[in-house]
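Any read-out appearing in this document is the output of simple, stated calculations on the displayed coordinates, not a laboratory observation. This is a predicted model, so every value here is computed, not measured. For neighbour counting, all protein chains shown are included, and Cβ atoms are generated from backbone atoms with ideal geometry for every residue, glycine included.
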Amino acid sequence: MRGGSKSIQTEDKHLIEVQNLTKVYGQKTAVENVSFKIRNGRIYGLLGPNGAGKSTTMNIIAGCLSPTEGTVLINGYDICDQPIEAKRQIGYLPELPPLFTDMTPLEYLTFVAEAKGVTDELIDRQVKEAMTVTDLLGVKDRLIRNLSKGFRQRVGIAQAMLGKPDIIILDEPTVGLDPQQITEIRALIRRLGEKITVIISSHILSEIAELCDHVIILSEGHVVADDDMAELEARMNPETTLRMTVKADEDGARRVLKSVEGVRTVTKEGESAEEGTVTLQVTTTSETDLRDEIFFAMAAERYAVISMEQQEQSLEEIFLSLTAKGSKHKKEDND
Ligand code: ADP
Ligand code: MG
């Protein structure tokens with residue numbers, strides 16, 4: 001969705017266009033001026049700490065909550081003006097799935113398929129297909145209330161698949177599950193993502209990084225990042241820091257470092273641990289790894305490199321800095 005592809009963007013169809021969405025609950029502004037686009041055939045992550053506005057945004061996209069301001073287009077249908085057509089494009093699993101626990105998965109899914117207007121002759125086939133994909137056939141006749149949380153979540157996902165929507169939206173689908181169940185649900189989401197567009201929300205960065213092609217980060221109701229997973233790291237990480245200790249005098253070490261192309265800044269770090277050595281923080285452009293070149297340049301001057309480690313900003317740090325309380329909402333305008 002970023003730079004360089006503007007002409008393609010206008011021709012490309014977006015499945016979902018969220019424009020200037022704002023939701024105010026009483027005194028509380030839960031989301032403010034949120035805009036993003038969802039393209040076909042990928043897994044999107046809506047990432048943000050608790051209270052960031054993920055569920056509010058998803059509820060509005062799914063047509064379960066009306067926005068205070070802004071519009072949502074789903075396959076071109078306005079969720080407020082053409083809710084029936086718009087909702088037909090989407091399968092939704094809310095944060096608290098509306099399961100009828102006194103029904104069996106088979107009964108419940110049949111009921112949901114009817115409610116979604118799936119025609120009679122297709123109901124059995126679609127229910128069976130949804131139960132197959134979510135691996136529910138073995139428990140289809142047990143009461144939902146007796147199923148584990150992992151299996152209940154699968155019933156919730158199966159219900160979202162009914163009606164064959166183009167997009168499935170899952171709000172924190174792994175919350176409250178044990179590690180084994182989390183692995184299974186993630187594998188299921190990956191399988192779904194091979195066929196249709198999936199949007200999941202999570203407050204867990206590693207989950208989004210593992211599953212998603214694209215991430216939209218929400219913080220305090222604002223979009224603070226909207227990037228392909230790989231781009232996020234590159235964009236937020238314009239430079240790399242090396243920390244090194246060299247057997248050299250400071251001036252000599254600086255002279256050698258400055259001669260290496262790509263080195264940006266050199267800063268001496270406190271007192272050296274050892275007599276005759278100097279410890280330096282070196283920032284470099286991030287595209288290339290300069291460790292080899294620095295090592296050999298030092299060696300050519302007979303300066304021994306005692307240690308050198310690359311300190312990259314982790315995704316976790318990027319996420320924390322983007323969502324830090326009170327941090328300025330700093331998404332640049334891409335479109
Ligand atoms: P998330 O899903 O990211 O945790 P939510 O969308 O649930 O965030 O909530 C965003 C903010 O809106 C939070 O501060 C929450 O307390 C508030 N909020 C959510 N629903 C309501 C509501 N029905 N009434 C008042 N405030 C709400
Ligand atoms: Mg939520």
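Below are the figures for this structure:
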| quantity | calculated |
| --- | --- |
| Placed amide H near residue 306: partners under 5 Å, 5+ positions off or other chain | 245, 246, 247 |
| Stokes-Einstein D (µm²/s) once Rh is taken as the Kirkwood radius of the chain over alpha-carbon pairs, at 37 °C in 0.692 mPa s | 144 µm²/s |
| Highest to lowest packing among 119-130, 165-176, scored as the average C-beta count within 10 Å | 165-176, 119-130 |
| Per-selection Kirkwood Rh - the range 238-311 (Cα, Å, 1 d.p.) | 12.0 Å |
| Net charge over other residues, Cβ less than 12 angstrom from the Cβ of residue 203 (K, R count +1; D, E count -1) | -3 |
| Whole-percent pair-distance distribution, where bins are 10 Å wide, for the alpha carbons of the range 101-230 | 12, 40, 32, 14, 2 |
| Residue 168 long-range amide H proximity, modeled H, under 5 Å | 91, 197, 198, 199 |
| Relative contact order %, the range 238-311, counting alpha carbon pairs below 8 Å whose residues are six or more apart | 48 percent |
| Proximal aspartates and glutamates relative to residue 247, as straight alpha-carbon distance under 19 Å, when same-chain residues fewer than 8 apart are discounted | 269, 271, 274, 275, 292, 293, 301, 309 |
| For the chain, calculated [θ]222 nm from helices alone, where every DSSP H run of n ≥ 4 adds -39500 (n - 2.57) | -10500 deg cm²/dmol |
| Residue pairs, from the table 23/116; 23/87; 28/140; 13/140, whose Cα atoms sit over 31 Å apart | 28/140; 13/140 |
| Debye, to nearest 20: dipole size of the chain, +1 on Lys, Arg Cβ, -1 on Asp, Glu Cβ | 780 debye |
| Crossing angle, helix 179-195 versus the chain [Cα axis fit, 0-90 degrees, rounded to tens] | 80 degrees |
| Which of 105, 161, 83, positive extreme of dipole for the chain (C-beta unit charges) | 105 |
